[in-house]
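Each remark here refers to the structure printed beneath this line.
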Amino acid sequence: MNLAKMMKQAQELQGKMASMQEELALSEIEGSSGGGMVTALMSGKHELKRLTIDPSLVTPDDTEVLEDLIVAAVNDARVRVEAHVKEEMSKVTGGLNLPAGLNLPF
């Protein structure tokens, strides 16, 4: 493979990565806990956009359960975002296995 062809492929991949990053920033993925009583909406860039709590969970006497459900919902959203990013990355790279520590695109 000649250098010019490799450079062209690298530029194409870079363009696809930039496009994917823009799409991921606009994507919204929901995680939940407590059977949907707490939901967390997160962007593809791991930014928490919205947190919804069923009013029946809001009791001043027992905040520990609510706190645990919030953490669980946010973590569920994070895991789902990571899976979505991995899936989108695979589409862009054509299944090319990049080094584990590369942490693309973010």
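The values are calculated or read from the model by the stated rules, or taken from the named source; none is laboratory data. Just so it is clear, the structure is predicted and the values come from calculations on it, not from any experiment. As a convention, Cβ positions derive from the backbone with ideal geometry for all residues, glycine included, and neighbour counts pool all protein chains shown.
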Any residue that is part of a helix (DSSP H, G or I), surrounded by 15 or more Cβ atoms within 10 Å (Cβ to Cβ) and in contact with a Ser or Thr (Cβ under 8 Å, 6 or more places away or on another chain) - is there at least one of those in the stretch 27-45? no
Please count how many residues of the stretch 1-44 are among the polar types (S, T, N, Q) and at pLDDT 85 or above. 5
Listed by first then second residue, the pairs whose first member lies in the stretch 1-30 and is within 22 Å of residue 82 (Cβ to Cβ), whose partner is of a type in the set (Val, Ile, Thr) and outside any helix (DSSP H, G or I), with beta carbons under 8 Å and at least 6 positions apart or on separate chains, are 30/39
Hits in the stretch 52-64 (condition: hydrophobic (A, V, I, L, M, F, W, C) and surrounded by fewer than 12 Cβ atoms within 10 Å (Cβ to Cβ)): 58
Given (1) modelled with pLDDT of 90 or more; (2) over 30 Å from residue 89 (Cβ atoms); (3) exposed (fewer than 14 other Cβ atoms within 10 Å of the Cβ), residue 49 misses just (2)
Restricted to the stretch 46-85, and to residues that are outside any helix (DSSP H, G or I) and among the charged types (D, E, K, R), which residue is farthest from residue 27 (Cα to Cα)? 61
